[in-house]
Structures are given as structure tokens and as C-alpha cells.
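Remarks on the structure that follows.
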Amino acid sequence: MAWIIIIALAGAAIARPAAELLGKASGWVMSLVPLVLFVLILRHAGDVADGGAVIATMSWVPSLGVDLTLRLDGFSMLFGLLITGIGTLVTIYAGAYFAEKPVADMGRFLALILLFMTAMLGTVLSDDLIVMFVFWELTSLTSFMLIGFDGHKPEARKAAIQSLLVTGGGGLVLFAGILLIGMTLGTFSFTEVLARSDELVASPWAGVIAVLIMIGAFTKSAQVPFHFWLPNAMAAPTPASAYLHSATMVKLGIFLLARFDGVFATMPAFGTTLVIVGSLTMTVAALKALRAEGYKAVLAHSTVASLGILVMLIGLDGEVAAVATVGFILAHALYKAALFFCAGTAIHATGETSLRKLGGLARFLPVTAVAAVLASLSMAGLPPFVGFISKEYLFEAQLTNGWNVVPIVVAVLVNAVMCGVAGVVSIKPFYFKSHRVDAVKHGETPVLLIGPLLLATGGIVIGLFPGGIGDLLIGPAASALYGSPIDVSFQLWHGLTPMLVLSVLVVSIGVAIVIWWDAIHDRLRRHDRLFRLIGDGGYHWVVDGTLNVARLSTRILQNGDQRRYTAVVVAVVVAGLAIALFAGPAGLYIAAPDGSLRVSVTLVLLLSAAGAVATVLGRSLIAALVSVGIVGFAVAVIFMLNGAPDLALTQIAVETLLVILLTAVLLRLPARQRHSRTVGERRRDAALAGAFGLVIFLAVASMSAIPLDMSLTEYFGQTSYLEGFGRNVVNVILVDYRAIDTLGEIAVVAFATIAAWALLRGSGPSKRAKE
Amino acid sequence: MNLVYAFAIAAQMGCGVYLLLSRHGMRILIGIVLLSTATNLLIFVAGGLRFTAPPVIEPGLQVLAAETANALPQALILTAIVIGFALVSFAAALMLKTYRSVGSVLTSDHVDAEALGSPFDREAPRNA
Amino acid sequence: MQIIFATMSRLFFVLMIGVSLFMLFRGHNEPGGGFIGGLIAALGFALLAMARGVETARRALVVHPVALMGSGLLLAFVSGLPGLLSDRSFLTHWWTEIGSTHLGTATTFDIGVYCVVVGGVLCLVFRLYEGIEQ
């Protein structure tokens, strides 16, 4: 089964060179990749028919315990077939859609589409949640690149970034949820998570995990309040919209929720939340669909509404809900992709994207018009189309769940709007006389027709003969979703049921909407404030707010003043040390004066402190140099008095050399001194330096309370002569025990001085002679 | 005794930081010298100052006598002193070079890499 | 004063070089070693440079300070190689005993340190004291 991923990835890799090589035929050739995968997945149909699953494992990152375990059950097979099936049609369609564009564009598009398909297959097939997350984010990335495909258009770039921020960010939230699952159960295998769902639900993290996963799914599937990115994503080329933003990627959220519905089955709030969010999304999206102008925008809003229906269905319990979910996923993928293809052909032909400005296109695009009508009849939920069956199941699921009346009313109204939208998008541009288009740039070609015709007729074929597809796809998928085998009777005719009554109601309202479309549209366009509220205002608020915070912190921190940078660093050190001292586990501990005062040492220490103060106070730099020399020599004496003659000698030599060198530097600098800081600045600096000194004092004073580990020192003392043949332990440590350290240190000395040597090149007499 | 050490180290470090905050390159340099000296002393004190005999094995003995100073921090400080010297010398060379090319030792005049003030204040005229 | 300084500088220089070598070689058993020896030697050369000009000090050093530094680094590195042969551990030193004195690659290492310190410090001293009027 790993071959599925490998073939898909290989297809993505060769797409671009293949396009260069084959030119216009590359759409056809590359469509073989998804077609082969379609067949490969279909071959497993027998294995999953009884609700079972095929599992294949190979080790991927053994050190992290991440395995590439692939798991194919009925539900992932439904997705796999949709992904590869529609993928095949999209690839073929793209070959014609990009026919007039440069070959490089086509190659890039095909490569991205196939890469996206790889990511999608990986997401739905992987059993390990970490692996799934990686593929999940890869779909967001490829979606970003496809939305921004026309990178020269600012709105495409904006929409691409928006979708990436929303879906990618949601992915990170999902990742947090996955990590919490891993922490709670100690496994990332979904099969095991499902088996131990009781344990997960009982853990204190259960609520947090559920919320995190829901947020991840809602961002991907464009649910309220993240619904705004999907309509904007229509900036992508139409084949990509048909594929990513209606048929497959946006259903990943549904896929995830459906998967975890089994895990959180015993958590009632999970289902309730889904029903509420789904209903809200349906309402908002239906309103926006009525108000939208663009052809693709109308379709996008209706997609959001459909996703809302699916979320609501997952929130409902029972066998019927599972069948309804699966049926609706299939039906929606078929008719919505077909409609997007038709919209693409119409826009491609006229260059006009506004639905209101399109009319009478049937004369130029007769077959496309037929396909659009067929697809929209399925969308409207009319018999004998598969859309009708799925809607019957939707109402049945609602009615059998005993939910209160509000969601049912919402569902009826939203379905009516969908019915209306279906009528408008298929009839208006192709048959209405208003805004008649008199000429088209490109006609329809057979290649452009394959996709929509196949999908649209598929809708009616499945509707007429639902048994086969019911046993092959719907049954196993619904069983996998439900958790135990369901005997599905996927039927066109259910008899005279309450559902049928609701369906008739829906269609009647839908027809009314088609008739009064323009009036409703105009009225809704007047309510700006309401739509601003349910638009992407929140997104802009968050993004602008983040940018403003970044701008503010940059303004404060990065102002180009070296003094400011130093002050910030010092202040952070002071604050950190103070927190560690006062709030840390060790606490503040000041040893009482221990009476072991050594007069000589004390005097020298006080001398060093006085020298430091004199360095600050002296205005002349020469005086400061002398004072700092005094500090250095005083410290050397301290070393001497405490049994460190090596240090004392080194310190004296270094101090002398420093004075010699810095004097030479001083001689070359202007002698005249002026204050470089104002009085106020000096006061503030003194306060900061004083605070620094204070925390250092407290830290050093409480340091003596910490017991010292002398084992290393003792080891060096024991072995220095016997193994290192040296009596001076300090030197043996330097040249033997820690010799490699010393080697590094002399290398640093060498580099620093070579750099200084190079920096000061040209300061010698030779240059002066030239001058 | 350790309070006196703490006071001396704190005084040196405080003065070092005050100098570090200056705009004059030479004073910053002297601040670094003070800070590195104080840090060495701090490490020295951290090693414990219980004995004053140097850590040298007496002739005739095979191992170090018990009551000798801690050798490990001494070895660390010894290299630290030399490295600190190299650092300050390099910084001094850098400052001298900067003075020669810019003509000022004040960091407020060193604006070639990054001008003073918020970067956003300069965006407007550039875009206009 | 200037004359005395200049005259005595030669004497001081020889003395300091002697002391530095003494410090270098006794370092393993008494306070001293490559760092201290190197610094004292560098002080000697610095004294010479200040008293009699950089050119005199350069001639006294014979080799270029950067070359001295490089060879010191190389020497310290090479002194670690024998250890690789014996027990595959870099910088594990080899020792032989001649009479009562231990001689080993640790001494070579310390000589390397000495050369790096002398060369490095003199890089700075020579550069900074070039062209300064005495």
C-alpha cells in the first residue's frame, strides 16, 4: 500500500519535466498517475467490504517511534477514490484549461496538483497521527501555492496568505491536540487511540483535546468562525478550486471529525458543539451565497454551507447519520466538482467572472450547459439524482435523532437556498436572456467536457442504480464511520415519508428563490453591516493587531542605538537574576558574617572596589586606564593571597600588556573629552548599573550557601603526578586533562589577534610615507 | 569574608556596566575589562576559598596534599584571562579602525549599519 | 631618563626572555607554564618595541609574529597526534623518562601555547606601536 504514496510522489516529481517534454498532451499523460492509483485503491474494495481495514507498516523515524503505518478502511477508501478519481478528471481538464498558457505554467500546476494529491492520500491513509499531521500541513502548503498560483495578482497573494494562516495555524492547533493525545495515551497510532478511547475521554485533558481537534478541523473545513478563507481562495485556477476547495481538501476537516467522532462518542458535548457550529455555518454561508456576485463565489459559499451540513451530520448519532454523512460526501463531491468545471469553462470562454453578467451561454457551450443542469439537479436534491438520496438521509438522520426543531428548520432553509443556488448557477448563465453574451473567446472542447459530463452523469447513474455503489462504497464507509457493520439499503425511493415532505418543501422554496433571485440579491446587498460582521473582519483584526504589536516592540527595542541594546540586555539579566534569587527554588540566602575576616584580603578587595569607582568617576581616559590597572593588580594580589600564583602572574602580565596596548590606542584618539551622555542619561545608567551591582552582590552572597562538588578537583589532585607526571595541578589540567579545551582557546587567541592584525593594516609608517 | 568578596565583585561589575552603557568607545572598552576581571574573580570565589596553599604536589609526595586551593577554577580562569585579553585587544583594534574610517569614537555617530530611531519612521519617506 | 630606558631595555629584554623560558619549562611542576611564559616574553618584546622602536623588536623576534602564532598552533595540534596512535585518543600525551626528568608531548603542547601567546600579543603590540613617535 506504500506504493500508493510513492507513485503519487513520483508523479508529482516528474510532472514538470513531463510538461516541458509533452506540451499540450501532458494533461492526458499525467492523468494516468491518479488513474492507476484509483485502480490500486479500488482493488482493496473486497478487503474493507465488511467494515475491516487493511494495515501496512514500515519504520520511518524509529528513534521517535514514528512509523509510516498506512490504514485503509471503508471511509478512507471513499476519500481515496474521490481524491484519485476527481484527481484524474482535474488533471485532464487542466490540460485543456492551460492550453493557451505557457508550458511552464501547466507543468507547475500539474506538479502542485499531484503533490497535493500525495498529501491528501497520505492524510487519509496514515494511521500514525504525527504522520497524518505532516501530510495535513502539506495539503495546507500546496493549497497556499495553488491559491497564489497567479502570484502577480495582489488579491491572489492576499487570499493565499489568508488561507495559509488559517489552515496552517489550525493545523498547529491540531498538532497540539495530537501531542496531548500522545502524552495521555503514550501512543500516536490512531487504531490504538480508537481502541482506548474510554481512557482518553476519562483523562483530564479530554476536553482540551476535543477542542483543539475541533479547531483544527473547523479551520480546514471553513466552519464559523473560520469560514471566510474559502470564498477568498477562489483566486486559485478553477481546476484547483474544483479539486481542493470543494471536493477534497476542505473535506479533510470532516474526515478528521468523523474519525474522532468514534473516539469522543461518549462525550455528549462533542456532538452538540458540532451540531451548533454546523448549523451556524450553514446559515451564514447560505446568506452569503444569496448575496455573492461571482460565479465561483456563489459556488464557494454553497460549499461552505455543505460543509456545515456535514459537520452537523457528524454531530448526530446513529447509523442513519453515518450513512447520510457518507452519501452526502459522495454526492457533494460529484455535483460540486462538476459545477466548478462548468463554471471554469464559462469563465474561460468569456473572461467574465460575475454571475450577473453571464447569460445565454448555452448557444456557445451546449454540452457544458447540459452537464451544469444535470449536476445542479443533483445539488437541488431532485430525484432520480444521488443528491436526492443523500438529502433524504440527511432529514432522516435529523428526525431520528430527536433533535429539537431549530436545526431542522435551518436544514430545510439552507437546503432550499442550495436548491436555489443550483438553479441559478446552471440556468441563469446558460439559458437566461438577460446579459446575453454575444461572443466567446474559447468554445468548449471535448477535453474540457470529460470531467463535468462524467461527474454529472455519475450523479444520475448512482441515483438510478444505488445498490452497487451502496455495497461497494457507502456501506463499508458508513460501517467504518459507525464502528460496526451497518446493513445499508441505499435506496432512491423511500416511500411516502416525512422526509419526502421536507424534500418537497425544500424544492418549492428553492424554485421561489430562483425566480426572485435578483430581488433577494439586491435586498441582501444593502445590509452591509451584517455581512461585515460575519465576514473576515476578525481575521484582519488579529493579523493587523499582531503586526502592530510587532511594530511597537521593534520601535521600542530596535532603535539603532547601541546604548539601548546594552541597557535592554542588562535589564533582562537583572530581572532574570532577581527572579531566580527571590522566586527560585533555592531562595535568597545571605550567610551571616562568619568572622573569618582576613585583614590583608579585605584591604585589597576594598582597593579594587575603589579602583573601579575611580574608573567611573575620572574624566580623563588616561586616569581611567590607570584605575582599571589598579583593579587588575588588586585582583592579582587576591589570587596570590588565595593560593593561585599562576593566576596572579598571568593577571599581572595581562594587565601590564593591556595598559601598554590601550595607551597606544589612546594616543591615536582625540584627547579632548566631553560628556557623551546627558545628566539624565547618566542618572538612569547609574540606576541600572546600581541595580546590576545589587543583584550580583545578592547572588554572590547567597552562592556560598550552595555545597561545592569537589570530586573532580580531588581526582585531578590524586592523579596529576601519577598519570600526568606534573606537580603543578593547574598546569596539568591545562596541558593534559583539558588540553583540547586549551587548544581551542589558543586558537581563539590566534584568530582574534590575526583579525586585529588585519584590521590595523596600513597604519604603519609605510602608509605615512605615501602621504 | 564572602560578603566583602561579594561587595568587591558587585562594585567592579556595577562600574563595568555603567561604563558599558557609555557612548564613548574607549569607556565601553574599559567597562569590558572591568567586567571580565570581576567575572574571573567571581569564578574564583565560586570555587571555594578554604585553603591558601597553591595546588602544587610537594616533592616527595605522589598526590596533592588535602589542604590546598581548588585547582580546577584556577585552570579555567587562567585561560579566561588570556581570552579576555584577546577579546579586549580585538575590540580595541576594531574601535581604532572605526575611528579612522568614521572619525568619531561615539557610538551615536556609528550609523552606517543601522541609523538611530525606529526603523518604521524611515519607511514613510522611503516609500513616498 | 629616555637614554637610561633605552640602554637598560636591552638588558631587561634578555632577562625577561630568560625568565619566560624558565617559567615555560618549570610550569609542569611549579607555578608557570606556556601562558605565563608567553605573556612575559611578549612583555619583553613590547618593552623593546617601546624603547627602541618596533623595527628593533621585529628583528629581535627574527620570525614574523603571525608565523610564530601559526607554528605554535600547529605544534600544539601535532603534539596531540601521537595519542591517536597509542590509544586513539587525541591529546593523550606520551611520556619518556630521562634520568629523573619526565619528558613528553605535554611539554611540546605547552611550547605551542607559548608561541601562540607570544605571536598573538606581538601582532597587536607591533601594529599599535608602529608609527608612534617615541
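Could you please tell me which pairs satisfy a Cβ distance under 7 Å, a separation of 6+ or placement on different chains, a first residue in segment A:144-157 that is in contact (Cβ under 8 Å) with a residue 60 or more places away in the chain and more than 15 Å from A:L110 (Cα to Cα), and a second residue that is of a type in the set (G, A, S) and assigned to a loop (DSSP other than H, G, I, E, B)? Final answer for the pair search is A:A156/A:G148. Would you mention how many residues in segment A:409-457 are farther than 30 Å from A:L313 by Cβ and assigned to a helix (DSSP H, G or I)? Count: 8.
What do you reckon, is A:I740 farther than 30 Å from B:G25 by Cβ, more than 7 Å from every other protein chain (Cβ to nearest Cβ), out of contact with any strand residue (DSSP E or B) (no Cβ under 6 Å at 6 or more places or on another chain) and surrounded by fewer than 17 Cβ atoms within 10 Å (Cβ to Cβ)? If you could, list the steps in order and put the result at the bottom.
Numbers: farther than 30 Å from B:G25 by Cβ: yes; more than 7 Å from every other protein chain (Cβ to nearest Cβ): no; out of contact with any strand residue (DSSP E or B) (no Cβ under 6 Å at 6 or more places or on another chain): yes; surrounded by fewer than 17 Cβ atoms within 10 Å (Cβ to Cβ): yes.
Taking the combined requirement at face value, the residue does not satisfy it.
Determine, yes or no, whether A:L617 is modelled with pLDDT under 90 and loosely packed, with under 15 Cβ neighbours inside 10 Å. Taking the combined requirement at face value, the residue satisfies it. Scanning segment A:433-491 for residues that are under 34 Å from the mean Cα position of the chain (by Cα) and surrounded by fewer than 17 Cβ atoms within 10 Å (Cβ to Cβ) returns A:G483, A:S484.
Within segment A:687-737, the residues that satisfy the criterion of being among the β-branched types (V, I, T) and either part of a helix (DSSP H, G or I) or at the interface with chain B (Cβ under 7 Å from one of its Cβ atoms) (or both) are A:V695, A:I696, A:V700, A:T713, A:T719, A:V729, A:V730, A:V732, A:I733, A:V735. Could you go through segment B:51-69 and let me know if any residue there is under 25 Å from the mean Cα position of the chain (by Cα), buried (at least 19 other Cβ atoms within 10 Å of the Cβ) and not in a loop (DSSP other than H, G, I, E, B). No - not one qualifying residue is present in segment B:51-69. Looking across segment C:53-68, the residues that are within 12 Å of C:F13 (Cβ to Cβ) and either outside any helix (DSSP H, G or I) or among the hydrophobic types (A, V, I, L, M, F, W, C) (or both) come down to C:A57, C:A60, C:L61.
Residues in segment C:3-43 that are among the polar types (S, T, N, Q) and free of Cβ contacts under 8 Å to residues at least 24 places away in the same chain were compared, and the one that is nearest to A:P645 (Cα to Cα) is C:N29.
Results for (1) basic (K, R); (2) surrounded by fewer than 23 Cβ atoms within 10 Å (Cβ to Cβ); (3) at the interface with chain A (Cβ under 8 Å from one of its Cβ atoms), shown as yes or no for each residue.
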{"residue": "B:R23", "(1), (2), (3)": "yes, yes, yes"}
{"residue": "B:V33", "(1), (2), (3)": "no, no, yes"}
{"residue": "B:T37", "(1), (2), (3)": "no, no, yes"}
{"residue": "B:A46", "(1), (2), (3)": "no, yes, yes"}
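Contact annotation: residue pairs with Cβ atoms under 9 Å, 6 or more positions apart or on different chains, pairing a residue in segment B:39-59 that is free of Cβ contacts under 8 Å to residues at least 12 places away in the same chain and on the phi < 0 side of the Ramachandran plot with a partner that is among the aliphatic types (A, V, I, L, M) and not in a loop (DSSP other than H, G, I, E, B), are B:I57/A:V729.
Tell me, please, whether a residue that is touching a residue at least 24 places away in the same chain (Cβ under 8 Å) and surrounded by fewer than 17 Cβ atoms within 10 Å (Cβ to Cβ) can be found in segment A:217-235. Yes: segment A:217-235 contains one or more residues that are touching a residue at least 24 places away in the same chain (Cβ under 8 Å) and surrounded by fewer than 17 Cβ atoms within 10 Å (Cβ to Cβ).
Checking each residue in segment B:96-109 for being buried (at least 20 other Cβ atoms within 10 Å of the Cβ) and more than 7 Å from every other protein chain (Cβ to nearest Cβ) picks out no residue at all. Tell me, yes or no, whether segment A:290-297 has at least one residue that is at pLDDT below 90, surrounded by fewer than 24 Cβ atoms within 10 Å (Cβ to Cβ), small (G, A, S) and more than 30 Å from A:D518 (Cβ to Cβ). No, segment A:290-297 contains no residue that is at pLDDT below 90, surrounded by fewer than 24 Cβ atoms within 10 Å (Cβ to Cβ), small (G, A, S) and more than 30 Å from A:D518 (Cβ to Cβ). Note on segment A:375-387: residues that are under 8 Å from A:G463 (Cα atoms) and surrounded by fewer than 24 Cβ atoms within 10 Å (Cβ to Cβ) total 2.
Out of all the residues in segment A:31-66, which are assigned to a helix (DSSP H, G or I) and under 29 Å from the mean Cα position of the chain (by Cα)?
A:V33, A:P34, A:L37, A:F38, A:I41, A:P62, A:S63, A:L64
The values are calculated or read from the model by the stated rules, or taken from the named source; none is laboratory data. The structure presented is a predicted model; accordingly, all values stated were derived computationally and were not measured. All Cβ positions, glycine included, derive from the backbone under ideal geometry; neighbour counts span all protein chains shown.
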